[in-house]
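Any read-out appearing in this document is the output of simple, stated calculations on the displayed coordinates, not a laboratory observation. Quantities reported herein were computed from a predicted structural model and do not represent experimental measurements. We place every Cβ from the backbone using ideal geometry, glycine too, and count neighbours over all the protein chains shown.
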Amino acid sequence: MNKVKKYIIFLIISSFIQSEVRLKDIVQVEKENAKSLIGYGLVIGLGGTGDRSTGMRGAIFTVQTISNMLERFGITIPKKELRTRNVAAVMVTGETPPYGRVGTSFDVIISSMGDATSIEGGVLLMTPLMSSEGIKWGMAQGPVSVGGYNIETEAGERLRKNHSQVGRIPGGGQLTSEITSQGISVDQPLRLSLNSPDYTTATKISNKINSMLGVDNQNKLAIPINAALVEVSYPDFVTSQGDISFFIAAIETLMVATDIEARVVINERTGTVVAGGNVVIDEVMISHGDLTIHTRSKPVISQPSPFSEEGETVSERITKTSAEEMEAKTGVIPTTASVNDLAIALNEMGLKPRDIIAIFQAVKQAGALNAKLIIM
């Protein structure tokens, strides 16, 4: 198997056979926005991996929070007497579901804000969740799921997987107040917001809805306002709030062929190149050669002559440097070639992932890559 194929992935998305997706997967109804919530709480039950309460780097706010919580239960302990590593101060964030009612559950994210090494295995105590206006909308609590670990020994050894200072509580948040949205009225047109703004896609959505409703070009009910918004006027048979729900349910199952912008996305850390099939490359010549420099060093021991009263054994190193230049490889990519053609040509040249990424950047600078180049 070609070594390049083991380390680099070319994902080609064909633009000539465009797949259709449901309308509900690419748009969202305006006025259904969720509220962002935030709260401050404590995670308990940690096995010595919580915030430190002493020292210059100790989390003083954690000690203060524990003291305040215990006072609410009628327990008074001087702050300087608190010594615990089983508690961590955290920030809790989440989003309310649209049209959420009292008791509706949603996921929350737990993030350590002290010097805790891990919140694995901890339990979040009851934490109020508020919006940016300072209004309380819900409560969060429950066991934290981290999906990783962070183990440190006294000898300085460390074993880590993922990021153990951040976790989730699936369904850990509950609404305590009903979310009142602005509502959708029959007197105002339905506004569909595209998840990925694009004029071509917005036009296709409008045409699909008009075709379903059987209206002509003179009496269009769906109109693309801009690349991110499509406005739909309700037909005559929609007269109540219930009719609006049935109408939205009918149009959101329509299949629409979305248009994909020509992009090439490169991840230098993993050596991954993702490109759309509508990316076209003009005629270009690629020449590539490697220069490898090796520096070797070996020790040499110098000792004094036998029975010498002066002198001592000395160790020195002798270095040897050599340069080796690989044979340059040259390839010509024909005009209007696709990314798939370029991938095949580069694979035949036996290039490594780093070299392929550098070539993509050079092709873009040469003006032969007719696409947006995004480097992650």
Check your understanding: If amide H atoms are built 1.01 Å from N in the plane of the peptide, which residues on other chains or at least 5 residues away come under 5 Å of the amide H of Val108?
Key -> Ile169, Gly171, Gly172, Gly173
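Which of rounded, prolate or oblate describes the stretch 36-175 when judged by the alpha-carbon gyration tensor and an a/c cut-off of 1.5?
Details: a/c = 2.44, a/b = 1.34, b/c = 1.82.
Taking the square roots of the gyration eigenvalues as a ≥ b ≥ c, the stretch 36-175 is oblate.
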Review point. Hey, what do the phi angles of the stretch 206-217 turn into as Karplus ³J(HN,Hα) couplings, whole Hz, using 6.51/-1.76/1.60 and θ = phi - 60°, x for Gly and Pro?
Key: 4, 5, 5, 5, 4, 5, 5, 7, x, 9, 8, 5
Practice item. Only Cα pairs under 8 Å and at least 6 apart count here; give the relative contact order of the stretch 36-175 as a rounded whole percent. Key: 29
Review point. Can you list the HN-Hα couplings for the stretch 133-142, worked out from phi with the Karplus curve (6.51, -1.76, 1.60; θ = phi - 60°), rounded to whole Hz and with x for Gly and Pro?
Key: 7, x, 8, 7, 10, x, 10, 9, 6, x
Review point. Looking at the square roots a ≥ b ≥ c of the eigenvalues of the Cα gyration tensor of the stretch 159-243, which shape do they give, rounded for a/c under 1.5, prolate if a/b is larger than b/c, or oblate?
Key: oblate
Revision key, fill the gap. With the dipole of the stretch 36-175 defined by +1 on each Lys or Arg Cβ and -1 on each Asp or Glu Cβ, the option from Pro98, Val166, Gly50 whose Cα lies farthest towards the positive pole is Gly50
Point to revise | Estimated dipole of the stretch 36-175 in Debye, rounded to 20 [Cβ of Lys and Arg +1, of Asp and Glu -1, Cα centre] | key: 140
